1. For the stretch B:198-207, state whether one or more residues are small (G, A, S), closer than 28 Å to B:A439 by Cβ and without any contact (Cβ under 8 Å) to a residue 60 or more places away in the chain.
2. Return yes or no: is A:A16 part of a strand (DSSP E or B), surrounded by 18 or more Cβ atoms within 10 Å (Cβ to Cβ) and within 14 Å of another protein chain (Cβ to nearest Cβ)?
3. From the residues in the stretch A:70-120 that are in contact with a Ser or Thr (Cβ under 6 Å, 6 or more places away or on another chain) and either more than 9 Å from every other protein chain (Cβ to nearest Cβ) or closer than 18 Å to B:S162 by Cβ (or both), which one is modelled with the highest pLDDT?
4. What number of residues within the stretch B:244-279 satisfy the criterion of being touching a residue at least 40 places away in the same chain (Cβ under 8 Å), more than 20 Å from the chain's Cα centre (by Cα) and more than 19 Å from B:A354 (Cα to Cα)?
5. Report, ordered by the first and then the second residue, all pairs with beta carbons closer than 8 Å, sequence separation of six or more or different chains, a first member in the stretch A:38-51 that is within 12 Å of chain B (Cβ to nearest Cβ) and closer than 15 Å to B:Q159 by Cα, and a second member that is buried (at least 24 other Cβ atoms within 10 Å of the Cβ) and of a type in the set (F, W, Y).
6. Considering only residues that are crowded, with 23+ Cβ neighbours inside 10 Å, among the β-branched types (V, I, T) and farther than 21 Å from A:S161 by Cβ, which ones fall in the stretch A:21-68?
7. Restricting to the stretch B:301-322, give me the number of residues that are surrounded by 17 or more Cβ atoms within 10 Å (Cβ to Cβ), in contact with a Lys or Arg (Cβ under 9 Å, 6 or more places away or on another chain) and of a type in the set (D, E, K, R).
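The values are calculated or read from the model by the stated rules, or taken from the named source; none is laboratory data. Model, not experiment: these values are computed from the prediction. Methodologically, a virtual Cβ is constructed for each residue, glycine included, from the backbone with ideal geometry; neighbour enumeration extends over all protein chains shown.
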Amino acid sequence: MLDAIEVTKQFGAKSALDNISLSVLPGEIYCLLGANGAGKTTLVNLFLNFLQPTSGSLQIGKLDVVRHPLETKRLLAYIPEQVTLYGVLSGLENLAFFSSLAIGEHLPRQRLLELLEAAGLPRQAADDRVATYSKGMRQKVGIAIALAKNAKALLLDEPTSGLDPSAANEFSELLVRTSNDGVTVLTTTHDLFHAKQTGTRIGIMKQGRLVEELRSEEVSHADLEALYLKHMKS
Amino acid sequence: MFAIIAAKDLRVLTRDGRLLWAGGLVVILMLVALAAGWNRQVQLNSERSAGQALDYDAWLHQGYRHPHDAAEQGMHVFKPEPSLAVFDPGIGPFVGSTVWLQAHRQSEVKFRPAQDATGLQRFGELSPAWLLQVLLPLLIIVIGFNSVSDERERGTLRQLLSLGAPARSLLYGKAAALASCVGILIAPVGLAFAVLIVARLPAGERVDVVYRIAWLAAGYGLYLGFFVFLTLAVSALARSSRTSLVLLLGFWVAATLIAPRTASEATNLLHPTPSRLDFDNQLAHDVADAGRKAWSTHFGARTPWDPSVPLSKWGAALKVDDEAGYGALDENFGRLWDTFERQQRAQEWVGLVAPVVALRGFSMGLAGTDFSQHRDFSTAAEAQRRKIQNIVSEDLIEHADRLGNAHFTYKAGPELWATVPQFKYELPSVSFALAHHWASLALLAVMFCLSVALAQFALSRPLMR
């Protein structure tokens, strides 16, 4: 569903991604681990066509991202580390706006409330201005947008960063439920526990290269941590 | 999709204090300007029509006297105030409204409101046109400078683009929201004003004024649209909202405050107007020269009013002398007025960098308060003066010249005065204004298209930097 084929991205002389290839199958949760500057967010930006690869190609559902930017974005939902919404609008209004853009139709209020509820936002907070929301609450609106879009693939850029443990756990459960419905998930994270808990497969990136790829059921949490530290120190 | 973006932007802007406060202030100023203009026009119209009637009545009832004495006294004619002068007084306050039609000389229009104004008037008159030309672009900048840059800084642009919102929809959605903000503020006031203006007019004049209002709306629409798209373009191109604001305010100061004055000075250098003294001296010289030639041709006299010409030809001499000067008057005033019009046309080109200059000319023209329409009135007033001169001279030839040396004992009465028709001046139609100002409208259209192209270019570049 999500394919990066021999992708290299250079910023001037600096190589952010170096001939990276990975493939995420439908229903998989692929967790990308790596230190800051490893190239995780660059890869997400390439899938979103916010950046264009220096060489190689990226495909979503077999469609080339550069050649079909709008079509591929229709298949995607994106949740960044900081879900940015319009502070003067309520959570419901934000969801109404973004979902209208995503699906091209206005959802009824009841449906919007259901989506927010499914994302874990308390119903009584739906009409409050987003400026008053915590980071976790914004994240939930972001998830509701993704749910409304009924996307085939989810791109998540460090989604649990800054969430309290309970909110992070809630988020992980939601992600698993979503992938069980056949949605493909590519998520970047620093959180080894989150990766092990939710990921189907885990990739470790270092200096723009994919240095390790493994199935999460094949490693224990301790092994994953050791492997990660080994790569970071090498 | 652009409608969804427009609706969201409009909602965000209406919840933003900037639109409420800045927009509220503009609406209040607009209402004050309209009320003041309306009041001024009602007062002026009543004073002018009363003055015109009294003056003509005084002409009719001046009793028995020598016709030339009557011609020397002459009469005053008053320029009617165009109904849309409430919206844009144009050059009206600076060129006056009354002409003294007296024998021998073509008078300038007198009684300029600007002469009675305080020094504060130098800062410009608070007219609805001035508000739309100067303050409304500032309002567009204030509410729109961060339309795109703020979305990028906050990260919502990333969210929007990740959903597959095309840049074109983003541009037109944001433009529609900004335009709607402006429309919400001025459309109700503008519509109410238009209805009031048209309703108080005689039926015969309504169609012309409706056309003028429609053309004005088109001109101002292009001008304000230019600022909407320019604001969006700069907001998309600038690295930060702060940079965007500084650039846009800099352009606003340069294009709406500095450029018009610079354009005026520059065109004066390009097409210089003579000083008052030089103009008067040249005119006097040319009139005297023409007079000398005419007296020589018709009466064999070396100088005008040569004692060798008998009093039995005094009336005929008066007619010859007056008519001899007409050519010199037409040539000198024509040259001066042509210079003013050339200056105006040269200024229009400044509209390519400062569209307010093009709009100002177009707005005055369509409001009926520009120089070309002032010239039309001055020409009509001069024609009336010549009509009086002619009637008086013919009467002298027919009655006084026959009396020989007793020429000056002749006295004409009310029958002669009544043959001078009351001065009736009709303002030129909208087609007259369009014929003079189509180039300004075309320039505004060009500037609008350029701003749309710039905004499209700005939003077609990678927005995630």
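1. Here is the first cut: in the stretch B:198-207, the ones small (G, A, S) are B:199, B:203-204.
Keeping just the survivors that are closer than 28 Å to B:A439 by Cβ gives none.
No; the residues of the stretch B:198-207 include none that is small (G, A, S), closer than 28 Å to B:A439 by Cβ and without any contact (Cβ under 8 Å) to a residue 60 or more places away in the chain.
2. Numbers: part of a strand (DSSP E or B): yes; surrounded by 18 or more Cβ atoms within 10 Å (Cβ to Cβ): yes; within 14 Å of another protein chain (Cβ to nearest Cβ): no.
It is false that A:A16 is part of a strand (DSSP E or B), surrounded by 18 or more Cβ atoms within 10 Å (Cβ to Cβ) and within 14 Å of another protein chain (Cβ to nearest Cβ).
3. Step one: of the stretch A:70-120, the residues in contact with a Ser or Thr (Cβ under 6 Å, 6 or more places away or on another chain) are A:78, A:81, A:84, A:106-107.
Now restrict to residues that are either more than 9 Å from every other protein chain (Cβ to nearest Cβ) or closer than 18 Å to B:S162 by Cβ (or both): A:78, A:81, A:84, A:107.
Values: A:Y78: 89, A:E81: 83, A:T84: 87, A:L107: 92.
The residue in question is A:L107.
4. Going through the stretch B:244-279 one residue at a time, the tally reaches 3.
5. Qualifying pairs under 8 Å: A:V44/A:Y78; A:L48/A:Y78.
6. A:I60, A:V65
7. Residues that pass the stated criteria total 1.
Residue-by-condition table, conditions (1) more than 14 Å from chain A (Cβ to nearest Cβ); (2) β-branched (V, I, T); (3) in a helix (DSSP H, G or I); (4) crowded, with 17+ Cβ neighbours inside 10 Å:
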residue: B:K8; (1), (2), (3), (4): no, no, yes, yes
residue: B:R11; (1), (2), (3), (4): no, no, yes, no
residue: B:V26; (1), (2), (3), (4): yes, yes, yes, yes
residue: B:L31; (1), (2), (3), (4): yes, no, yes, no
residue: B:L34; (1), (2), (3), (4): yes, no, yes, yes
residue: B:G37; (1), (2), (3), (4): yes, no, yes, yes
